[in-house]
1. Inside segment 144-170, can you point out the residues that are within 17 Å of ASP192 (Cβ to Cβ) and of a type in the set (D, E, K, R)?
2. Need pairs with beta-carbon distance below 6 Å; first residue touching a residue at least 60 places away in the same chain (Cβ under 8 Å) and more than 10 Å from ALA154 (Cβ to Cβ) and within segment 188-210, second outside any strand (DSSP E or B) and not charged (D, E, K, R); sequence gap 6+ or separate chains.
3. Kindly indicate the residue of segment 118-177 that is of a type in the set (Asp, Glu) and surrounded by 15 or more Cβ atoms within 10 Å (Cβ to Cβ) and also nearest to ASP52 (Cα to Cα) among those meeting that condition.
4. Between a first residue in segment 298-309 that is closer than 13 Å to CYS283 by Cβ and a second residue that is of a type in the set (Gly, Ala, Ser) and crowded, with 19+ Cβ neighbours inside 10 Å, which pairs have beta carbons less than 6 Å apart while being 6 or more apart in sequence or on different chains?
5. Consider HIS361 carefully, then state whether it is in contact with a helix residue (DSSP H, G or I) (Cβ under 6 Å, 6 or more places away or on another chain), more than 27 Å from TRP171 (Cα to Cα) and assigned to a helix (DSSP H, G or I).
6. Yes or no: MET46 surrounded by fewer than 17 Cβ atoms within 10 Å (Cβ to Cβ), among the aliphatic types (A, V, I, L, M), in a loop (DSSP other than H, G, I, E, B) and touching a helix residue (DSSP H, G or I) at 6+ places or on another chain (Cβ under 6 Å)?
7. If you take the residues of segment 154-187 that are part of a strand (DSSP E or B) and out of contact with any strand residue (DSSP E or B) (no Cβ under 6 Å at 6 or more places or on another chain), which of them is farthest from VAL240 (Cα to Cα)?
8. Check ALA340, ALA335, ALA377 and return the single one that is within 18 Å of the chain's Cα centre (by Cα), in contact (Cβ under 8 Å) with a residue 24 or more places away in the chain and closer than 27 Å to LEU68 by Cβ.
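Quick note: the coordinates plus some simple rules give every number you see, no bench work behind them. Quantities reported herein were computed from a predicted structural model and do not represent experimental measurements. We place every Cβ from the backbone using ideal geometry, glycine too, and count neighbours over all the protein chains shown.
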Amino acid sequence: MDFAHSEKVRALQQRLNAFMDQHIYPNEARFDAEVEENRKKGNPWMPTKVIDELKEKARAEGLWNLFLPESKFGAGLTNLEYAPLCEIMGRSPIAPEVFNCSAPDTGNMEVLVRYGSPEQQSQWLLPLLEGKIRSGFAMTEPAVASSDATNIEASIVRDGDHYVINARKWWTSGAPDPRCKILIFMGKTSPDNVNRHQQQSMILVPMDAPGVRRVRALTVFGYDHAPHGHGEVDFKDVRVPVSNILLGEGRGFEIAQGRLGPGRIHHCMRLIGLAERSLDLMCKRALKRVAFHRPVADQGVTRERIANARMLIDQARFLTLNAAWMMDTAGNKVAKKEIAMIKVVAPNMACQVIDWAIQVHGGGGVSDDFPLAHAYAHARTLRFADGPDEVHRNQIAKYELGRHLDQ
């Protein structure tokens, strides 16, 4: 395996870093100010002008839709080539959307590219690729332990030329955002199927369909993550055309695995970028602050944590690049163990590095004067998103035990 970046990737890295320095980092405070101003007006979910402006700049510079490997719709980058670019975007909470590379839209676009019909692609994929709308993913339910997706109780019942949907979903990514126009919804079309993994289907549900009701926006450690965020959504006798089904009835788990592989690579690389920025802030703070008559950087415990942070970040990066390489060369199914491992390693690494950075910042670290508190809240949620640590650890252990069963 060779993780050396190609000339194409190095050129994109240089262009992305330049864009981040010139446009992203200087506008983070403006973004926060716009959201706060909208909050004072009573609607923090209004789109911000700064993001719209930056999107136009990114698109004009060709830094747009860099994901989607092996697709005519993307930039033609493999998972391994996109990974270091995704890391750069992960350094700022506003960057992924600016480049039209933010979750859940990337995962939803991947689903539409792989499994959508030409009509579904025309209606929903193209507006998403153009950044005209946003989307959500409705899978998790408050009434059941959704880490076991076979528990999902959402009902999808065929009635002539329509499906009738009833469910209560939460942690539906993007639901409070007024730009969210379409949901990929997971529920049961065949609840009595003896194969529990063929009971589920995925279907496209427009947010403006009668019976879809935004119940509330959810907070994460006090942050509502406006203007996108997560929400709880009620579905009451929602009718959508039969043509809205993705791939066919009973194919939900199949689609989920195709969606979550690349998505986990993206999450992990963004977390690595976030951890890198946190380490940068940690070092700068440690060099400037004086405690007990010497810089905090001279304290042995600080140096130990800086060294450990560097090792943890690099370990997570190489593990993630290896998973991306395996996906490209052997496919998602063969890389299942590697994907599971990075989904455990990267969020835990990021939480630890950010926590050490917070300690060096003292009281300021838990305030919003620095981006670390928000970063920690985000990183901690990703120990649940796309499956909790415990599920992935269980799968990893099964792979290891399976190697010894026939010996």
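1. Matches in segment 144-170: GLU153, ARG158.
2. SER190/GLN199; SER190/GLY250; MET202/LEU246; MET202/GLY252; MET202/ILE255; LEU204/ASN244
3. The residue in question is ASP177.
4. Pairs that qualify, where the first residue is closer than 13 Å to CYS283 by Cβ and the partner is of a type in the set (Gly, Ala, Ser) and crowded, with 19+ Cβ neighbours inside 10 Å, are THR302/ALA286.
5. For HIS361, the condition - in contact with a helix residue (DSSP H, G or I) (Cβ under 6 Å, 6 or more places away or on another chain), more than 27 Å from TRP171 (Cα to Cα) and assigned to a helix (DSSP H, G or I) - is met.
6. Against the criterion (surrounded by fewer than 17 Cβ atoms within 10 Å (Cβ to Cβ), among the aliphatic types (A, V, I, L, M), in a loop (DSSP other than H, G, I, E, B) and touching a helix residue (DSSP H, G or I) at 6+ places or on another chain (Cβ under 6 Å)), MET46 does not qualify.
7. Top of the filtered list is LYS181.
8. Being within 18 Å of the chain's Cα centre (by Cα), in contact (Cβ under 8 Å) with a residue 24 or more places away in the chain and closer than 27 Å to LEU68 by Cβ holds for just one of ALA340, ALA335, ALA377, which is ALA340.
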